[in-house]
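Structure record follows, encoded as structure tokens.
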Amino acid sequence: MTTTAHAATGRRAVVDEFAYRMRHHVLDMGEEQGQGYVGQALGAADILATVYAQHLRHRPDDPEWEGRDRFLLSTGHYAIGLYAALAEAGIVPRAELTTYGSDNSRLPMSGMASYTPGMEISGGSLGHGLTVAVGMALGLRHRDSTARVFNFLSDGELDEGSTWEAAMSAHHHQLGNLIAMVDINALQADGATAGVLSTEPVHDKWRAFGWRTYRVDGNDTAALLAAFDAATEHAAPHGAPAIVLCDTKVGKGVPLLENRTKAHFMRIDEHEWQICRDQLTAGYEDMR
């Protein structure tokens, strides 16, 4: 194996392990409430792991460090997944994950910037995140900062007109310090995304809006690493913004949940949580 290939294998192993631990955290947090947006968090774990383990510049002991890259979770209901990433990144204590969704917790079920270290915005009303990211990227450029803005979107958010207004603005202002990603899991609250409002061919649309566009299997960490490497390689205060479109599977890593028909907000029986953990561990060991 060449040095380059060995390095690539090593990076992927780091991301895979990060994502595996994230998924365990998600199941543990979900069990505290018995329900939640577990499926989305499991499906998006590889995306978040790739960004946090390999690309996001931050200081775990100083979440407000001025030079940090900003990660915006536009999909506030994915907070359970981001908390898992923040814990693995050392920003939130792992022991604190047991308070998820509880009274007076810093980890509410929907992400809120006023409570959680590392949570840059209060997401929730879909379609706002990219607009905020555009303003933030502009502000950083005006301050001569080299920090980048990473913005996480869902495919359901592509239904929102404000998302496309922000996309046009990002290209108009040449915000090369903006890197977006979309979790394309083909599901939203009202049903299959294609049935609610089809946005395909989504790759062509983002390219037409002037973005550097990459589409990959969002559960293939090698593909994700290559895409984010390319997206960040030319990230600069001036230039074309970049977006990584990630096709994912809801409940990824846990076959019991991958096959659930009602998967947007999952209710999981008490006896099923350990089954989920066992399936997750078995799948990871087989992959290794």
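If residue 39 passes every condition in (1) touching a Leu at 6+ places or on another chain (Cβ under 9 Å); (2) open to solvent by 30 Å² or more (accessible area, probe 1.4 Å); (3) at pLDDT below 95 but one, which one does it miss?
Here residue 39 clears every test but (2).
Does the stretch 12-36 hold any residues that are outside any helix (DSSP H, G or I) and open to solvent by less than 10 Å² (accessible area, probe 1.4 Å), and which are they? Break it down into steps so the answer makes sense when it comes.
Our first condition is that a residue be outside any helix (DSSP H, G or I); within the stretch 12-36, this holds for 34-36.
Once the filter is applied, which keeps residues that are outside any helix (DSSP H, G or I) and open to solvent by less than 10 Å² (accessible area, probe 1.4 Å), the stretch 12-36 yields only 36.
Regarding the stretch 258-274, can at least one residue be identified that is closer than 23 Å to residue 11 by Cβ and touching a Phe, Trp or Tyr at 6+ places or on another chain (Cβ under 9 Å)? Break it down into steps so the answer makes sense when it comes.
At the first step, the residues of the stretch 258-274 found to be closer than 23 Å to residue 11 by Cβ are none.
No, every residue in the stretch 258-274 fails to be closer than 23 Å to residue 11 by Cβ and touching a Phe, Trp or Tyr at 6+ places or on another chain (Cβ under 9 Å).
Can you confirm whether residue 282 is small (Gly, Ala, Ser) and touching a residue at least 24 places away in the same chain (Cβ under 8 Å)? It would help to see each step written out before you state the result.
Values: small (Gly, Ala, Ser): yes; touching a residue at least 24 places away in the same chain (Cβ under 8 Å): no.
Against the criterion (small (Gly, Ala, Ser) and touching a residue at least 24 places away in the same chain (Cβ under 8 Å)), residue 282 does not qualify.
Would you check which residues across the stretch 42-91 are open to solvent by less than 10 Å² (accessible area, probe 1.4 Å) and either without any contact (Cβ under 8 Å) to a residue 12 or more places away in the chain or among the small types (Gly, Ala, Ser) (or both) and list them?
43, 44, 45, 49, 74, 76, 79, 81, 84, 85, 87, listed by residue number.
Listed here are the residues, each with its yes/no results for (1) over 22 Å from residue 193 (Cα atoms); (2) within 21 Å of the chain's Cα centre (by Cα).
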site: 213; (1), (2): no, yes
site: 219; (1), (2): no, yes
site: 230; (1), (2): yes, yes
site: 260; (1), (2): no, no
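Inside the stretch 93-133, can you point out the residues that are touching a Pro at 6+ places or on another chain (Cβ under 6 Å) and open to solvent by less than 20 Å² (accessible area, probe 1.4 Å)?
118
Of the residues that make up the stretch 196-210, is at least one modelled with pLDDT of 95 or more and buried (at least 20 other Cβ atoms within 10 Å of the Cβ)?
The initial filter retains those residues of the stretch 196-210 that are modelled with pLDDT of 95 or more, namely 201-210.
Subsequent filtering for residues that are buried (at least 20 other Cβ atoms within 10 Å of the Cβ) retains 206.
Scanning the stretch 196-210, I find at least one residue that is modelled with pLDDT of 95 or more and buried (at least 20 other Cβ atoms within 10 Å of the Cβ), so the answer is yes.
List pairs: first in the stretch 255-266 and closer than 11 Å to residue 188 by Cα, second aromatic (Phe, Trp, Tyr), Cβ under 8 Å, 6+ apart or cross-chain?
Close Cβ pairs satisfying both conditions: 264/37; 265/37.
Residues of the stretch 135-153 being within 18 Å of the chain's Cα centre (by Cα) and open to solvent by less than 10 Å² (accessible area, probe 1.4 Å), which ones?
149, 150, 151, 152, 153
Restricting attention to the stretch 216-249, and to residues there that are modelled with pLDDT under 95 and in a loop (DSSP other than H, G, I, E, B), which single residue is nearest to residue 141 (Cα to Cα)? Before the answer, list the steps.
We begin by selecting, within the stretch 216-249, every residue modelled with pLDDT under 95; these are 233-238.
In the following step, the residues that additionally are in a loop (DSSP other than H, G, I, E, B) were identified as 234-238.
Details: 234: 15, 235: 12, 236: 9, 237: 6, 238: 8 Å.
So the residue we want is 237.
Go through the residues of the stretch 205-217 one by one and say whether even a single one is touching a residue at least 60 places away in the same chain (Cβ under 8 Å) and either in contact with a strand residue (DSSP E or B) (Cβ under 6 Å, 6 or more places away or on another chain) or acidic (Asp, Glu) (or both).
Of all residues in the stretch 205-217, those touching a residue at least 60 places away in the same chain (Cβ under 8 Å) come to none.
Taking every residue of the stretch 205-217 in turn, none turns out to be touching a residue at least 60 places away in the same chain (Cβ under 8 Å) and either in contact with a strand residue (DSSP E or B) (Cβ under 6 Å, 6 or more places away or on another chain) or acidic (Asp, Glu) (or both).
If you take the residues in the stretch 250-283 that are in a loop (DSSP other than H, G, I, E, B) and basic (Lys, Arg), which one is modelled with the highest pLDDT?
Restricting attention to the stretch 250-283, the residues satisfying the condition of being in a loop (DSSP other than H, G, I, E, B) are 250-254, 259-265, 268-271.
Filter once more, so that each one left must be basic (Lys, Arg): 252, 260, 262.
Details: 252: 96, 260: 83, 262: 76.
The selected residue is 252.
Pairs please, first residue from the stretch 166-188 and at pLDDT 95 or above and open to solvent by 10 Å² or more (accessible area, probe 1.4 Å), second anywhere and of a type in the set (Val, Ile, Thr) and not in a loop (DSSP other than H, G, I, E, B), Cβ atoms under 7 Å, 6+ apart in sequence or on different chains.
Here the result reads 169/134, each pair linking the stretch 166-188 to a residue that is of a type in the set (Val, Ile, Thr) and not in a loop (DSSP other than H, G, I, E, B).
Assess whether residue 195 counts as being of a type in the set (Gly, Ala, Ser), at negative phi and more than 19 Å from the chain's Cα centre (by Cα). Break it down into steps so the answer makes sense when it comes.
Numbers: of a type in the set (Gly, Ala, Ser): yes; at negative phi: yes; more than 19 Å from the chain's Cα centre (by Cα): yes.
Judged against the criteria, residue 195 is a match.
The values are calculated or read from the model by the stated rules, or taken from the named source; none is laboratory data. Computed from a predicted structure; not experimentally measured. Every residue, glycine among them, receives a Cβ derived from its backbone with ideal geometry; neighbour counts consider all protein chains shown. Calculation scope for accessible area: heavy atoms of the full protein, side chains included, ligands and nucleic acids excluded. Shrake-Rupley method; radii C 1.70, N 1.55, O 1.52, S 1.80 Å.
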